[in-house]
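Novice: Submitted below is the structure of interest, expressed as structure tokens.
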Amino acid sequence: MEDFNLSKENLNNQWKNNKRFKLGVYIGAGIIGSLVLFLAYRQLIWAPADTKADDGWWSALNYIEKDSTDQAIRLLVPFVKKYDGHTGGEIGQYLLGTQYMKKGEFQKALDQLEGVSVDDTYLATMIIGLQGDCLSELKKYTEAEEKYVEAASNIENEFTSPQYLFKAGLHAELSKNYERATAHFTKIKDEYPDYANQKTIERYIARVASVKSK
């Protein structure tokens, strides 16, 4: 059973050590070979960019799939600078951000991810969520919460929306914004019952309520 100690130190430790809470950090790097390829393909069909720009990020992807993070970064840095604004360049910038995340260089990752502009709503939502993960690692919990809320509402669905709302609630707690934490958890309970049952969301609501009453 989960430890529901209400101290901020305990909550920080749970966030630091619980891989489930950090899953979003690794999504960008871990599913590059499947989801990102699919989304990128759609992006290229809808808004084709220069052929050279397209070829550049595909080359970097080969290194990423081999976990050659440093090599991918060396290729992507000049590529992104050269093709910024092109579809291929934007995808390259997204990939560069995920590689900085893998290295634990979260400020660099955030700088890249904040500059990405894509038309695909699903990829855009993932990018917003990853920005939240970077801010969390930088201990900017209020800003992280805001990003998670933005990601949750960017494209509302039964999968990503409650996940990001849950992260928003956890980070509101870390910032001692208990009313907002309650609002996030309650929204999950009311609008996403399947996810609420999975996370036993009532416990989180009760935890926040007990802190507020002190």
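Novice: Listing 185, 159 from the residue with the fewest other Cβ atoms within 10 Å to the one with the most, what is the order?
Specialist: Starting with the residue having the fewest Cβ neighbours, the order is 159, 185.
Novice: Another question, if that's okay. Would you order 201, 155 from fewest to most other beta-carbon atoms within 10 Å of each residue's own beta-carbon?
Specialist: 155, 201
Novice: Take the Cα atoms of the stretch 138-204, find their three principal axes, and give me the spread along each one in whole Å, biggest first.
Specialist: 30, 26, 17
Novice: Among 122, 141, 164, rank each residue by its count of other Cβ atoms within 10 Å, from fewest to most, as a rough exposure measure.
Specialist: Ranked by crowding around the Cβ, least crowded first: 122, 141, 164.
Novice: Tell me, how many Å apart are the Cα centres for the stretch 143-197 and for the stretch 58-81?
Specialist: Centre-to-centre (Cα) distance: 33 Å.
Novice: Magnitude of the Cβ-charge dipole of the stretch 141-214, K/R +1 and D/E -1, about the Cα centre, nearest 20 debye?
Specialist: I would put it at about 460 debye.
Laboratory data are not the source of any read-out in this text; all were calculated from the coordinates shown. The structure presented is a predicted model; accordingly, all values stated were derived computationally and were not measured. Cβ atoms come from the backbone with ideal geometry, glycine included; neighbour counts cover every protein chain shown.
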